[in-house]
C-alpha cells in the first residue's frame, strides 16, 4: 500500500507508541504489545517494524517503502494495575486496523477515546470488596472474616484512589496502604473479637498483588522476554517487601499497645 | 468434603469479584469465574492424587491457560482476560502473608520455609502457563513466512 503520504508517515509512529503506552498501562503482556504494534504498523504500509518494549520503555523503528526511517521511543509510567475494559477496546481497535486500516486521524481519535474512557467506579469498589472478602474465606477465614476483609477492602480502594491522584511512588504508596490497612484491621479485631486478623489481611493482600506480579514476571522470563521479566521480578519483590514492611510496622505497633498477639 | 466445597464456592466468588475489579465485560464475568472454580477443582484433584507440592500448581495453571485459550478462541478476545482472573486462587497469598508474619515474630526458620513455598508456587504456576503458550506457538507459523 503506497497510500502513505508524508503527513501520515509522521503521524504513524507516535500513534503506535500511544497504542503501546495504553496497552502497557492496562496490564497487557509485553509480547502482546510488541506483536500488536508490529502488525498495526505493517497494516499501515511500513515494510518493517522493529519494536522493543519493557515495562518502562517502548522503542519503535519503522521502515517505509521509500526507505525512509522513523524511530521514536517513549518512557512508560504504569503502576501495574489491570484494566480489561480499556484492553478490550484497544484490542478491537487494533483488529480493525489490521483488517482495514482506518485513516490515521481516525486512529488518533479512537486512541484518544480509549485513553479517556474509564471503567465504572462502582465496579472497582464492589469487585474489590467481593474479591477480598471471598479470598479471606478461601484461605481459611470465617464468614465474619470475609465481611471484615470486604470492609477493609473498601478502605484500601479509597486510599488507592486518593494516592493515585498524587505523585507518590508505588513503593511508598504500598508501604503506606499496608501500614494503615494493618492498623485498621488490627483495630477491627479489637472491636470484634470474632475476627481473625491474619485471615482478613490475607484476603486484602490479594488486592495489593505482588503474588500475581511475581507470576507474570517469571512467565515473561520463561517465554523469552527476559529483560522485562527481570525488571518485573525485581519490582514485585520490592513491592512485596514494602507491603510486608507496612504490615510489620502495623503489627509491631499493635503488639506494643498490647492489642495483637 | 465440606472444606473443598467451600474452596470451590469462594474461588468462584472471588474470581468473579476480581474480574469485576479488573473491568471485565459483563457477559464474560460468569465464564471467568467458572474458570477460577474449575482451576481450583483441578488443583484439589491433582493435589489429592499426587501428594506433592510442585506439580499440582503446574497442572492447575496449565489447565487455566488452556481454558483461557479456548474461551479466547471462541469469543475472539485476548486470552489474558480469562487467564489473569482464573489463576488468582492459585496465587500464594497465604504463604506470602505467613512469610512476613513469621519474620515479624522472629521465627526466621519458619519464614524461610514459607518464603520457599511462595517462590515455588509462583514458579510452577508460571511454568504451567508457559507450557500451554509454547504449545500454541508450536502450532502457529512464523510471521512473514507464507
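Only the coordinates and a few stated rules stand behind these numbers; no lab work does. Since the model is a prediction, treat every value here as computed from it, not as a measurement. Methodologically, a virtual Cβ is constructed for each residue, glycine included, from the backbone with ideal geometry; neighbour enumeration extends over all protein chains shown.
Relative contact order for chain A: 16 percent, from Cα pairs under 8 Å spaced at least 6 residues apart, divided by residue count.
Per residue of A:229-241, other chain Cβ atoms within 10 Å of the residue Cβ number 1 on average.
Taking the mean number of other Cβ atoms within 10 Å as a proxy for protection, how do you rank A:134-144, A:157-167 from highest to lowest? Before the final figure, lay out the partial values.
Numbers: A:134-144: 22.9, A:157-167: 12.5.
Ranked by mean Cβ neighbours within 10 Å, highest first: A:134-144, A:157-167.
Counting, for every residue in A:83-91, the Cβ atoms of other protein chains within 10 Å of its Cβ and taking the mean gives 5. Each peptide in A:35-44, A:91-100, A:146-155, A:225-234 was scored by the mean count of other Cβ atoms within 10 Å over its residues; highest first, the order is A:146-155, A:35-44, A:225-234, A:91-100. When the P(r) of the range A:35-144 is calculated, the portion above 23 Å amounts to 47% of the C-alpha pairs. The angle between the Cα long axis of helix A:170-191 and the longest principal axis of the Cα atoms of chain A comes to about 30 degrees, rounded to the nearest 10. Taking the number of Cβ atoms within 10 Å of each Cβ as an exposure proxy, the fewest-first ranking of B:87, A:241 is A:241, B:87.
When the Gaussian network model of chain B links Cα atoms closer than 10 Å, the mean-square fluctuations of B:135, B:127, B:60 top out at B:135. Calculation over all alpha carbon pairs of the range A:101-194 in 10 angstrom steps from 0 returns a P(r) of 14, 33, 27, 14, 8, 3, 0 percent.
Note on the protein assembly as shown: helix-only mean residue ellipticity at 222 nm, from DSSP H runs of 4+ residues weighted -39500 (n - 2.57) and normalised by residue number, equals -24500 deg cm²/dmol. Sorting A:86, A:48 from the fewest to the most surrounding beta carbons within 10 angstrom yields A:48, A:86. Semi-axes of the equivalent ellipsoid for chain A, computed as √(5λ) from the eigenvalues of its C-alpha gyration tensor and ordered from largest down, come to 44, 18, 14 Å. Between the Cα long axis of helix A:30-43 and the first principal axis of chain A there is an angle of about 20°, rounded to the nearest 10. Working from label points 7 Å from Cα in the Cα-to-Cβ sense, the residue A:158 to residue B:54 distance is 4.7 nm.
Compared with the dominant principal axis of the Cα atoms in chain B, helix B:2-21 is inclined by about 60°.
If contacts are Cα pairs under 8 angstrom and at least 6 residues apart, what is the relative contact order of the range A:1-101 in percent?
Working: 147 pairs, mean separation 30.7, N = 101.
Computed value for the range A:1-101: 30 percent relative contact order.
Please give the average number of partner chain Cβ atoms lying within 10 Å of the Cβ of each residue in A:193-206, rounded to a whole number. Mind showing how you got there, number by number?
Numbers: counts 0, 0, 0, 0, 1, 4, 2, 0, 4, 7, 5, 2, 6, 10.
Whole-number average of other-chain Cβ neighbours for A:193-206 is 3.
Taking neighbour counts of Cβ atoms within 10 Å as a proxy for exposure, in what order, fewest first, do A:126, A:107 appear?
Values: A:126 18, A:107 23.
The most exposed by this proxy come first: A:126, A:107.
Per residue, the convex hull spanned by the Cα atoms of chain B amounts to 144 cubic angstrom.
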